[in-house]
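Peer 1: One structure is given below, represented as structure tokens, and several questions about it will come after.
The values are calculated or read from the model by the stated rules, or taken from the named source; none is laboratory data. This one's a predicted model, so the numbers in the text were calculated from it and none came from an experiment. Cβ coordinates were reconstructed from backbone atoms using ideal geometry, including for glycine residues, and neighbour counts include every protein chain displayed. Areas reflect the complete protein model, heavy atoms only, side chains present, ligands, DNA and RNA absent. Shrake-Rupley method; radii C 1.70, N 1.55, O 1.52, S 1.80 Å.
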Amino acid sequence: MPSKPVLYDGRILENVVVTWKIDGVRMLRDYKGDPVSRRGKPLYNLEEIPAHICDAEVYRGSWEESVSAVRKREGTMVDLAMVYSLEPLDPRLLVDTYEVFTEEDAKELLKLALAKGFEGLVVYSEGKSYKIKPEENYDVLVTGATKGKGKYEGLIGALITPLGNVSGFNDEQRRAFSQKLPELIEVKCMGLTPKGKFRHPRFVRERFDKELV
């Protein structure tokens, strides 16, 4: 199954497999077969995981608890019941299959996913995958910017706001913001963390139609 789903846009899909989307820590394998994060950093406190599980989510009830357990050597041990294989697919993640999948199906299943405490859904259809998750919009002041790296050296990297750093703009916007930072922007995200910060934010647009307060 594809490993990098895009956001579902409401289209009608055929021959669909739907799975729960868990807000956990992604577990992959390095060249030695040891568990590592998506960025290649070691993950700790995991019970021995069967070798055939090479792509999984580690989930202890919330993102914060999951990260706390596996990112530090002195974290809480994680047993196999908290590891959900993505390849091969853990049966616990399977929701249902559909010959035809519509936007109404997506809305109803997302409500069910959230009621069960999941992050959302992943829909697989004919070699492509789509993530379905709740999103919220915020208007937020820009207080600064980080420096760009690599091909963006000399430009901004991300916009700094009281609710966290925001990126997701195109190259034209990046060049424009490097000359003059926007004052107020609209951000789309998956809500806020318990500490009041954006979860998975992305830039939507600069706001010219609202007063700064």
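Peer 1: Roughly speaking, what is the stretch gain from Glu87 to Glu48, that is 0.36 nm per residue apart minus the C-alpha to C-alpha distance, in nm to one decimal?
Peer 2: Going from the current span to full extension adds 12.3 nm.
Peer 1: Can you give the extra length, in nm with one decimal, that the chain gains between Lys195 and Lys32 once fully stretched, where that is 0.36 nm per residue apart less the Cα-Cα distance?
Peer 2: 55.0 nm
Peer 1: State, to one decimal in nm, how far the label point of Asp96 lies from the label point of Lys149, with both points 7 Å from Cα in the Cβ direction.
Peer 2: Between Asp96 and Lys149, the simple spin-label model gives 4.4 nm.
Peer 1: Further question: Measuring with a 1.4 Å probe in the full set of protein chains, what accessible area per residue, in whole Å², belongs to region 70-142?
Peer 2: About 58 Å² of surface per residue is accessible.
Peer 1: Using the Karplus curve 6.51 cos²θ - 1.76 cosθ + 1.60 with θ = phi - 60°, work out ³J(HN,Hα) for each residue of region 30-45 in order, rounded to whole Hz, and write x for Gly and Pro.
Peer 2: 8, 5, 8, x, 7, x, 9, 7, 4, 8, x, 8, x, 10, 10, 6
Peer 1: Then there is this: Rolling a 1.4 angstrom probe over the protein heavy atoms, how many square angstrom per residue are accessible across region 1-57? Write out the running numbers ahead of the final one.
Peer 2: Working: 3390 Å² over 57 residues.
Counting only protein heavy atoms, the per-residue value for region 1-57 is 59 Å².
Peer 1: Amide H to amide H under 5 Å from Gly120: which residues, 5+ apart in sequence or cross-chain, H placed 1.01 Å off N in plane?
Peer 2: Lys21
Peer 1: Take the solvent-accessible surface of the protein heavy atoms, probe 1.4 Å, and return the percent of it on region 60-111 that carbon and sulfur atoms account for.
Peer 2: Answer for region 60-111: carbon and sulfur cover 53 percent of the accessible area.
Peer 1: When only alpha-carbon atoms are used, what values of Rg and Dmax, in angstrom, describe the chain?
Peer 2: 19.4, 56
Peer 1: May I ask for the angle, rounded to the nearest 10°, between helix 103-115 and the longest principal axis of the chain, with both axes built from Cα atoms and the value confined to 0 to 90°?
Peer 2: It is inclined by approximately 80 degrees.
Peer 1: Further question: Residues with amide H under 5 Å of Ala145's amide H, sequence separation 5 or more or different chain, H placed in the peptide plane at 1.01 Å from N; which?
Peer 2: Answer set, sorted by chain and number: Ile160.
Peer 1: Would you pull out the residues with amide H under 5 Å of Glu87's amide H, same chain only if 5 or more places away, H placed 1.01 Å from N?
Peer 2: Cys54, Asp55
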